[in-house]
1. Kindly list the number of the only condition in (1) free of Cβ contacts under 8 Å to residues at least 24 places away in the same chain; (2) in a helix (DSSP H, G or I); (3) more than 20 Å from Arg437 (Cβ to Cβ) that fails for Asp350.
2. Every residue in the stretch 67-112 that is in contact (Cβ under 8 Å) with a residue 40 or more places away in the chain and in a loop (DSSP other than H, G, I, E, B), please.
3. Within the stretch 173-203, can you find the residues that are among the small types (Gly, Ala, Ser) and more than 16 Å from the ligand (Cβ to nearest atom)?
4. Quick check: is even one residue across the stretch 134-155 part of a loop (DSSP other than H, G, I, E, B), under 13 Å from Val94 (Cβ atoms) and not β-branched (Val, Ile, Thr)?
5. For a quick check of your reading: which strands (runs of 3 or more DSSP E) sit entirely within the stretch 218-324 and have at least 3 residues that are at pLDDT below 90, within 16 Å of the ligand (Cβ to nearest atom) and out of contact with any Lys or Arg (no Cβ under 9 Å at 6 or more places or on another chain)?
6. Which residues, taken from the stretch 434-459, are touching a helix residue (DSSP H, G or I) at 6+ places or on another chain (Cβ under 7 Å) and within 21 Å of Ala218 (Cα to Cα)?
Amino acid sequence: MNGAPMTSRTRTDPATRPAQGLLALALSLGLLGGLLEGVIHIVIQKAGVLENSWYPIVWIAAVFNGALLGVLGVLGVGLVSIAPRRPWMGPLVVFGLASAAFLPWLSLLLKEWIAPYAIVLLLIGLAASFTRWHTRAPARLERRSRRALPWLAAATLAAALGIEGGSWLTERMATGRLPAAESTAPDIVVLIIDTLRADHVSHLGYRRRTTPALDRLASEGVTFENALSTSSYTLPSHASILTGLYPYQHGVEWQTSKQGQAGAAANLPQTLQTLGYRTGAFSANTFWFSREHGFGRGFLRFDDYFHSVEDRMLRTAYGRIVTRLVFPRLGWEDIPARRRAVDVNRAALDWMTRDPDRPSFAVLNYMDAHDPYLPPQPYRGMFASRPDPGGLIHWERHVPERLTPEELQAEIAAYDGGIAYVDAQIDALIATLRGRRARRDLLVVVTSDHGDEFFEHGGFLHGAHLYREVIHVPLIFWSPGRIPDRWRVTTPVTNASIPATILDQLGTTWPATAAPSLRPLWTESIGRTRWPAPLSEIRHRPWAERGPVRDGSLRSLLAEGLHHIEHDTRPPELYDWSEDPHERVNLAGRPDMQAAMARLRLLDPRLAVAH
Ligand SMILES: [Zn+2]
């Protein structure tokens, strides 16, 4: 690198000194740059500039950049040694190493504020200055690098041990402080199949056999045929499933979840801790169901980022550059390092079976039915006429205006394949749990946070409106011996009732402001004629690319067999829930519907708050 073989400095150790010096310089640059990247990562994440990260990025970035610069250092040594007569080779290699070490933290620090070409110019300037500095006294700088290397390695190790060991210790200590649980307390598992619309579930009437495992759970437990999510979007809906509150109560909306979750009064995992439960969440939707978005409250373990080696690498600055610039050009369509249901299950099972003496409460979020619809084979092609359907709809990169009928059917077939894949994994999860945790009863709840649209109302995906396809979700309670089997409830309910229902099963009450326990719907001999109408909400999103949500907030109520949707500025809509499942005929203008609409408006739970 430094032309050292030509100089008197080589007298000390002519064969190895340049190689060692250059390698030490490369590794030091990598580790120091990585630590710097990690710290900048955390600081700008806290400032709200960067998303999808957490403290372990500090040591992960150091290890990744250290390894990368180590490899580049070896290559540099090779280049210098094969070109001993070219004095410019050494400085060029140092320039390359410095650029590779400076780029990640520099781009992370500046990319929100200055243009990419300006970052490149700055990078060239910094790397050139560093090279000049090195060329003036190469031996001194390399000696310093050799001395600094053990300290930098120690700092990386300390960061890894501190962060990983700290969270391990925190969990252990918090677990140790839990009160004693009742010996008969069941393990509780809440399975949230992200983006599963109810009408694609076999036992809810779908023509394809997508869900044999869920069908069995439903037949051995209680299934709610008309369950609604509280929103058509992940954040508010997950918050409702954990707090029992509607979005207007918990305040979690588009990007304001941190405040909303922090402000909510109590949530299910916190309450279960007071009953002696270990609490854990295992998320595949790391975009939204994560600690960063405020969902860590009440969980002793929250497993979101850095779940695999690939995920760790892709969350570094270099990984983000590769994800954004390289993968799309290579035709990579799937979510990078996508976490499959099998991986979510493995992590949850490891954690659940670690402590046999305590009951555990685990929330699992599965992302396999979410777009882009690219489940693993053989599921991807199992409902399609061709072997590799899916991938045309991608929320981040390309949402088509329209698809041909064949393309649309292929996307739906791939979506159904994703559902079938999750279903098979749920079957395996429950079988393993029953084997490993045989001493304890098991309570399983299955639901979804929202559905997905396949052009029923002129678009794709979710979060743009509150029509049935995006809010009608499955809801099953299964616990042999504790919950009756073959019980089907047609009363419309909200899945925000999950916390109250679980606690009711355990003999504990839940604040009256939250959605009520559903237990009376399967324990009372006379069915309730009046039940609180489930509410769904979505807040005005002016920056949305499409849908009614662009023009104002929406809320919807389901009661008397009618689905009533109100919009801030658009006329109301009313659909017959059983006769018009695709909500094509708006009844709101019919004179004979005005009295029913007036009655439905009065059922809005928000009115109780207003008065
Ligand atoms: Zn979702």
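The values are calculated or read from the model by the stated rules, or taken from the named source; none is laboratory data. Just so it is clear, the model here is predicted, and its values are computed rather than measured. In this analysis, Cβ positions are derived from the backbone assuming ideal geometry, glycine residues included, and neighbour counts consider all displayed protein chains.
1. Going through the list (1) free of Cβ contacts under 8 Å to residues at least 24 places away in the same chain; (2) in a helix (DSSP H, G or I); (3) more than 20 Å from Arg437 (Cβ to Cβ), Asp350 breaks only (3).
2. Pro84, Pro87, Glu112
3. Going residue by residue through the stretch 173-203, those that are among the small types (Gly, Ala, Ser) are 174, 176, 180-181, 183, 185, 198, 202.
Within the stretch 173-203, Ala174, Gly176, Ala180, Ala181, Ser183, Ala185, Ser202 meet the criteria.
4. Pass one, the stretch 134-155, residues part of a loop (DSSP other than H, G, I, E, B): 137.
If we keep only those that are under 13 Å from Val94 (Cβ atoms) as well, we get 137.
Within this subset, residues satisfying the condition of being not β-branched (Val, Ile, Thr) are 137.
Scanning the stretch 134-155 turns up at least one residue that is part of a loop (DSSP other than H, G, I, E, B), under 13 Å from Val94 (Cβ atoms) and not β-branched (Val, Ile, Thr).
5. Working: elements: 222-224, 278-283, 301-303.
Where strands (runs of 3 or more DSSP E) fall fully within the stretch 218-324, none carries at least 3 residues being at pLDDT below 90, within 16 Å of the ligand (Cβ to nearest atom) and out of contact with any Lys or Arg (no Cβ under 9 Å at 6 or more places or on another chain).
6. Leu442, Leu443, Val444, Val445, Val446, Thr447, Asp449, His450, Gly451
Residues are listed down the side, and each one gets a yes or a no for (1) aromatic (Phe, Trp, Tyr); (2) within 25 Å of Ala414 (Cα to Cα); (3) away from the ligand (no atom under 16 Å from the Cβ):
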position	(1), (2), (3)
Ala438	no, no, yes
Val444	no, no, yes
Gly451	no, yes, no
Ile471	no, yes, no
Leu475	no, yes, no
Trp478	yes, no, yes
Thr513	no, no, yes
Pro532	no, no, yes
Leu535	no, no, yes
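Residue-by-condition table, conditions (1) free of Cβ contacts under 8 Å to residues at least 60 places away in the same chain; (2) more than 21 Å from the chain's Cα centre (by Cα):
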{"site": "Glu453", "(1), (2)": "yes, no"}
{"site": "Glu456", "(1), (2)": "no, yes"}
{"site": "Ser479", "(1), (2)": "no, yes"}
{"site": "Thr491", "(1), (2)": "no, yes"}
{"site": "Ala496", "(1), (2)": "no, no"}
